[in-house]
């Protein structure tokens, strides 16, 4: 990892939600071009980690730091983080009644472009781009005309998240349980979208309970999170081992942290 | 008490003046309604009065209103504050009095007459007052006693040219005046008509608008009814819609309310024929110290009918809204399918809505649902948008527009839809949710 340029560095991060400490000293560095997977049992804090990076309100950082592109982002508003290239694919994408998908995505892309000193995208160019990404995610053309996520199936919502990833083209993609609730076809489409996004200038953090998605998106590093701490790190073979032996195995052998 | 009788004296004086110029055919109806008004007065007692539980009529009862006089208005000024399209039949009433705007050459068979006319044939006038029961309602009695100008719209059997009739009731804002818009729409079998009723106020002093619309939907007929209320903060507006639907008839209502000191719309739809339906949707926006009360009753009299009642409210400032929706399913009204919902978006901690959806079912084979919600935008929604780079203010705007758009988008007249999208949405406050 030391060979690649760091995109984000998480340093001894302690986070609490409503007085309860969820993350208890996370250290994690992600370099450009890398794919990291955070695995862990329910309640281990893995979704918290993804959400804290994206700036979701309601979490208190007690100590430690998150350094992104060389500066601390702890005090930075979520929309500013998004404009700087941090993208969170939600575990539970939110429905926005009355807000059309087209309108929402246009507002998002223009906000990000303006934040980076670019002009708003012309409608024709945006339509072209959106159509390209829609085809990539094999989404029904009707969905982009409908209210955001309203009446979408679970799989359509997740595909819509990856469509947004493809459209907004961030630097860091945080995928929070994107695989949960997906059938095999949707998983294939979603993974394809993520693999197309993957490049030497980007980084990906996959938060998942199951190894399944990692069959499609091969991680460079796998970290196991238990009770707010990374208890083990390794390469993609660690995911296989976990799938075989279960989380109890890492809990038992906790403390044998291998820093790649 | 002495004060109250003084106020009524003013109405008595105006009533006598009106009686001297009113057409012969209406005098009986007007006299009887005035008697009722003398007897029951305004509904100022709220205790034990479910109909007026959340709205205080006393400020209206306390003012000595006199009947507003006609003044000619520049049409260009009207076009700035109300929807207008050259392809529509546009009729303007200023302070309750008709201003000649319509050239008179109708390209359809729809007949439009003025109630103030003396030489109307009996089959036109016999339906006036036939649907609005004012016997226990002082405001409705008052309107009936004081009706003068007002359109009688008669849609003949089979008429389906798609014509839009645009009624503009402009209240100029003359100090302490009252105006009494009155509408009657009757439709023949198999006809379709769209009617827009606008209640708009000019800037000005304390005024009172007291309106009644009676609508009869014939067999297999469809009435698309739009009601836009856009009065000023200094206006009190108490309006009534009374609708009867015959077999296979459909009444589709889209109502939009904003800006009014005290506003109340009492809509009562009686479904009296089989396989008939009503779809009532509304959007109310209140700000500052405004008060808006929607009081809606749907009466399922016959079997195999459908009703949909869907209202949304946006509340800001210290404003208050009331939603009272009651669906009655009578014993005979089997296989009724009825849905009722009222959703409110509350933008300020000082705003308040009293939402009371109610359902009374006396039939045993029906499908009915009702519900109400009131809330601020939830934090997840705003974070979702911010995580896509959209700032708080833009996110709030998208959410509010989206909330209102759900009703506006269903307006089927394109020119009216874009008018509402522009005028209604831009009147909403720029708002920033705090999280």
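Among the residues of B:372-380, the average count of other protein chain beta-carbon atoms within 10 Å of the residue beta-carbon is 1. Sorting the segments B:354-360, B:421-427 by their residues' average number of neighbouring beta-carbon atoms within 10 angstrom, most packed first, yields B:354-360, B:421-427.
Starting from 0.36 nm per residue, how many nanometres of slack lie between residue B:233 and residue B:16 once their C-alpha separation is accounted for? Show your work: numbers first, answer last.
Details: separation 217, 0.36 × 217 = 78.12 nm, distance 3.05 nm.
Full-extension gain reported as 75.1 nm.
In summary, the convex hull built on the alpha carbon positions of segment A:1-110 has an orientation-averaged projected area of 8.3 nm².
Counting, for every residue in A:99-112, the Cβ atoms of other protein chains within 10 Å of its Cβ and taking the mean gives 4. With coordinates expressed along the principal axes, the C-alpha atoms belonging to segment B:349-435 extend over 53, 36, 27 Å, beginning with the largest. Scaling the Cα radius of gyration of segment B:183-235 by the globular reference 2.2 N^0.38 Å produces a ratio of 1.48.
How long are the semi-axes of the equivalent ellipsoid of chain B, defined as square roots of 5 times the Cα gyration tensor eigenvalues? Whole Å, largest first. Could you put the intermediate results ahead of the total?
Details: eigenvalues 208, 137, 108 Å².
Semi-axes (√(5λ), whole Å): 32, 26, 23.
What the Cα atoms of chain A give is an Rg and a Dmax of 18.0, 57 Å. Based on alpha carbons, the Rg and Dmax found for segment A:184-232 are 12.2, 33 Å.
For the pair residue A:128 and residue A:153, what calculated FRET efficiency results from E = 1/(1 + (r/R0)^6), where r is the Cβ-Cβ distance and R0 = 22 Å, to the nearest 0.05? About 0.25, to the nearest 0.05. Panel order for A:46, A:11, A:128, A:229, by other beta carbons found within 10 Å of each beta carbon, from fewest to most: A:128, A:11, A:229, A:46. Mean sequence separation of contacting Cα pairs (under 8 Å, at least six apart), scaled by the length of chain B, corresponds to a relative contact order of 9 percent.
Each Cα pair under 8 Å and six or more residues apart adds its sequence gap; the mean of these over the residue count of chain A is a relative contact order of 26 percent. Going from the fewest other Cβ atoms within 10 Å to the most, the residues A:171, B:307 appear in the order A:171, B:307.
Considering only B:28, B:90, B:230, the mean-square fluctuation computed in a Gaussian network model of chain B, springs between alpha carbons under 10 angstrom, is largest for B:28. When you restrict to C-alpha pairs under 8 Å that are six or more residues apart and normalise by the size of segment A:1-149, the relative contact order lands at 21 percent.
Its Kirkwood hydrodynamic radius, worked out from the mean inverse distance over all distinct Cα pairs, puts the protein assembly as shown at 28.7 Å.
For segment B:272-361, what does the equivalent ellipsoid look like in terms of its semi-axes, each the square root of 5 times an eigenvalue of the Cα gyration tensor, given largest first in whole Å? Don't skip to the end; give the middle numbers.
Working: eigenvalues 192, 21, 15 Å².
Each semi-axis is √(5λ); the values are 31, 10, 9 Å.
Take each residue of peptide A:71-84, count the partner chain Cβ atoms within 10 Å of its Cβ, and average: the result is 3.
From the alpha carbon centroid of segment B:171-231 to that of segment A:142-179 is 45 Å. Using 1/(1 + (r/R0)^6) with R0 = 56 angstrom and r between the beta carbons of residue A:60 and residue B:74, what's the FRET efficiency to the nearest 0.05? After rounding, the FRET efficiency stands at 0.35. The protection proxy used here, the mean number of other Cβ atoms lying within 10 Å of each residue, ranks peptides A:142-154, B:160-172 as follows, highest first: B:160-172, A:142-154.
None of the figures in this text is laboratory data; all of them are computed from the coordinates on show. What you are looking at is a predicted structure, and each value in this text was computed from that prediction instead of being measured. Cβ coordinates were reconstructed from backbone atoms using ideal geometry, including for glycine residues, and neighbour counts include every protein chain displayed.
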